[in-house]
Amino acid sequence: MDYKIEILGRKDSYISQIMCEIRDREIQKDRRRFRSNLEKLGNILAYEISKSLKYEEVTVTTPLGMSPGKVLKNQPVIVSILRAGIPLHNGFLNMLDLADNGFISAYRHHTKGNEFVIKLEYLASPDLTDRDVILLDPMIATGKSIILCYNALRELGIPRSIIIAGVIASDEGLENVQRHIPEAEIYVGEVDMELTAKAYIVPGLGDAGDLAFGPK
Ligand code: URA
């Protein structure tokens, strides 16, 4: 299988500076700046992803004449995993501002020691039959949340295509997602090599939900 994965932070662009800022524990103390950086990454990821969507030709009437142009053929459905996905989602919506939207909640329910199961509780989404779905999770650590959420979403209709986007993924999480959702195109800011025993990404950035919204 030919996996499609884009690691945007590996090419020189302003995304590298934003990635440094969201990882920096001093800059993270400013919660507004953390959220705003996640939103900026959402803008950039959405723009990069927009290059792989399909367009159709149109003619636009300007005040002075007719101009050929292209518009999105199909509006995608942007689905975010709550709660850390919210600022990233806002960034996507700044760019893909006519998209439909879905939300799903996933949280870690700790059983014993470092073990946990992922619980899904809330799902609000349009019918996904034949839609182009963009599923957002800022931190793809083990990949389990993405896989469970995608399976739950498929109960609402089988999408035509699935794109997964995140800020930081672990190597292991990416492999897991690719194994379970081989049809997905994946866009991330960066891939880190390690996970802690508690399944946090190293060096990562910490807990994205807490940094954006405060401790639980
Ligand atoms: N979720 C986070 O916010 N950070 C991680 O490192 C892993 C999961």
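Read-outs: derived from the displayed coordinates by stated rules, not from any lab. This one's a predicted model, so the numbers in the text were calculated from it and none came from an experiment. Cβ placement follows ideal geometry from the backbone for every residue including glycine, while neighbour counts extend to all protein chains displayed.
Which strands (runs of 3 or more DSSP E) does segment 1-94 wholly contain that include 2 or more residues that are in contact (Cβ under 8 Å) with a residue 40 or more places away in the chain?
Working: elements: 4-7, 55-62, 65-72, 77-82.
Counting at least 2 such residues, we get 4-7, 77-82.
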**Prompt:** Here are some conditions: (1) assigned to a helix (DSSP H, G or I); (2) within 22 Å of ILE158 (Cα to Cα); (3) free of Cβ contacts under 8 Å to residues at least 40 places away in the same chain. LEU98 meets all but one. Which one does it not meet?
**Reply:** (1)
**Asked** Conditions: (1) of a type in the set (Ser, Thr, Tyr); (2) within 15 Å of the ligand (Cβ to nearest atom); (3) in contact (Cβ under 8 Å) with a residue 24 or more places away in the chain; (4) part of a strand (DSSP E or B). TYR107 meets all but one. Number of the miss?
**Response** (3)
**Prompt:** Which condition breaks for LYS216 when tested against (1) without any contact (Cβ under 8 Å) to a residue 60 or more places away in the chain; (2) crowded, with 18+ Cβ neighbours inside 10 Å; (3) within 24 Å of LYS29 (Cα to Cα)?
**Reply:** (2)
**Request:** Being more than 11 Å from the ligand (Cβ to nearest atom), more than 15 Å from GLY143 (Cβ to Cβ) and in a strand (DSSP E or B) is the filter here, so list the residues in segment 186-216 that pass it.
**Result:** GLY189, GLU190
**Fill in**
THR129 passes all but one of the listed conditions (1) in contact with an Asp or Glu (Cβ under 7 Å, 6 or more places away or on another chain); (2) not in a strand (DSSP E or B); the exception is number (1)
**Asked** When only residues in segment 175-198 that are of a type outside the set (D, E, K, R) and loosely packed, with under 13 Cβ neighbours inside 10 Å count, which is farthest from the chain's Cα centre (by Cα)?
**Response** ALA197
